[in-house]
1. Could you work out the Kirkwood radius for the chain, taking every pair of different alpha carbons, averaging 1/r and inverting it, reported in Å?
2. What does the charge count near residue 214 come to, summing +1 for each Lys or Arg and -1 for each Asp or Glu among other residues with Cβ under 10 Å from its Cβ?
3. What do you get for the angle between helix 65-78 and the principal long axis of the chain? Use alpha-carbon atoms, 0 to 90 degrees, nearest ten.
4. Over the chain, calculate the relative contact order: mean separation of alpha carbon pairs under 8 Å at least 6 apart, over the residue count, as a percent.
5. Once you sort the root eigenvalues of the Cα gyration tensor of the stretch 303-369 as a ≥ b ≥ c, which label holds: rounded (a/c under 1.5), prolate (a/b larger than b/c) or oblate (the other case)?
6. Could you order peptides 25-35, 253-263 by the average number of other Cβ atoms within 10 Å of their residues, highest first?
7. What list of ³J(HN,Hα) couplings, whole Hz, do you get for the stretch 285-292 from phi and the Karplus terms 6.51, -1.76, 1.60, once you set θ to phi - 60° and write x for glycine and proline?
8. Using only the alpha carbons, work out the radius of gyration and Dmax of the stretch 275-332 in angstrom.
Amino acid sequence: MPQVSPGARHERAALVGLVAGRARRLDAERSMDELAGLAHAAGAEVALRVLQERPKPDPSTFLGTGKLETLAASCAELGIDVVVFDNELTPAQLRQIEGVVDRKVTDRTQLILDIFARRARTREGKLQVELAQLQYLLPRLVGTSSALSRLGGGIGTRGPGETKLETDRRRIRIRIHAIKEDIERVRQRRAQLRERRLKTSIPTVALVGYTNAGKTTLFNVLTRSDAEASNTLFVTLDPLVRQVRLPDRRELLVSDTVGFIDRLPHALVAAFRATLEEVAEADLVLHVIDASAPDRERRITAVRRVLEDVHAGDVPLIEVYNKCDEIAPAERRRIREADASVLCISALRREGLDALIDAVAAHLSLDVTRVTWSFDPESPSDRERVSRLYRHARVLEHESRDGRVSIVADVPRRLMAHLQPSTR
Ligand SMILES: Nc1nc2c(ncn2[C@@H]2O[C@H](COP(=O)(O)OP(=O)(O)OP(=O)(O)O)[C@@H](O)[C@H]2O)c(=O)[nH]1
Ligand SMILES: [Mg+2]
């Protein structure tokens, strides 16, 4: 949702990408489509697309010199405000290109940082984005502060504030250090909250996936919430956690977080580590996949890579193909045949949700032990344990005899120590 005030003119953007060889043309075009989605999310209107075939970028000008001149002419003719490159530019390339095209030049990384800066709402989100922006800028402050002193609004100017624009690297380093300390405090607070959750032993399920896959839509359906879901990239930044009760009455927590994207800037992944730790420590990850995306496999790979990056590679995971209402039945069959453990759903039309909930419940209770425990109904702590048992385990029998309560239950192994009666 571009946050341009009504009546304000959208910035006009030119997108520039490279095709390494004819065979890679389709990939390059999809990457450009995604870049257009990002430009749109940053409030710009795409007025020109340039794809040049060349084996690798020119080290100083990215495009060939001739192509760059042509680009400059087209930009002037079309009234382009900003030129966005699909690849990350080196500081030297950025300066050279700016010299020739004589208007704002930015790249994919900076565009993503801009969108995040627009979307960040909470203090934690803002800190994380600022950290990522500063880390991206720091190596780009070579000699002059030209990269920082661009005036005007729009893409590439949503930097970390005017006062800092004039400061030198040392001041930026100090700021980075201070933000890192703040984020560390946030991290510790999150760790404490997780610890507390563990004590109450409610299992957590994290929704992850490529941006726009339908995570928030699914989150809303599962938790009966109304978090913002929309057909733009990176709508969700701050993690949301809500409680859900399974049909067998057990409770779990579901969390929705920031979406991933191909070539997610490293600085962002690092800055969002505090948020993403939620994923690494979840009991189960649901990888939400947009089944209707033409470049589905590339996106799946990109998400898996980020999961490895944030050390969530070992968390049990279910692949959930969403938007199955958009694909042909034959395609749905193909997906299921390729891997019987995946699920096909439509969060929007609320199809396949029962199977999903069953799969989650089965997954969380796979690892159970059947126990027969006896409790003292007079002891407050035992009474508390019995009610916890009802919440977190599957109770099969409950009998009162001779002043004791005897319960047969399937208890998740990880909660054994926690749920056990104090005296046997
Ligand atoms: N056709 C169809 N559209 C869906 C389905 N689920 C979600 N959508 C649409 O996909 C778009 C993105 O949905 P979101 O839930 O915002 O996606 P997200 O993964 O949370 O995206 P970010 O937070 O931006 O990363 C919205 O326009 C939804 O209405 C579905 O099952 N079928
Ligand atoms: Mg979302």
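The values are calculated or read from the model by the stated rules, or taken from the named source; none is laboratory data. No experiment lies behind these values; they were computed from the predicted model shown. Here the Cβ positions follow ideal geometry from the backbone for every residue, glycine too, while neighbour counts run over all protein chains shown. Keep in mind that these areas ignore ligands, DNA and RNA; they rest on the heavy atoms of the full protein, side chains included. Shrake-Rupley method; radii C 1.70, N 1.55, O 1.52, S 1.80 Å.
1. Answer for the chain: a Kirkwood hydrodynamic radius of 24.1 Å.
2. Local net charge: +1.
3. 80 degrees
4. 11 percent
5. oblate
6. 253-263, 25-35
7. Running phi through 6.51 cos²θ - 1.76 cosθ + 1.60 with θ = phi - 60° gives 10, 9, 8, 7, 10, 7, 5, 8 Hz.
8. According to the Cα coordinates of the stretch 275-332, Rg and Dmax are 12.8, 38 Å.
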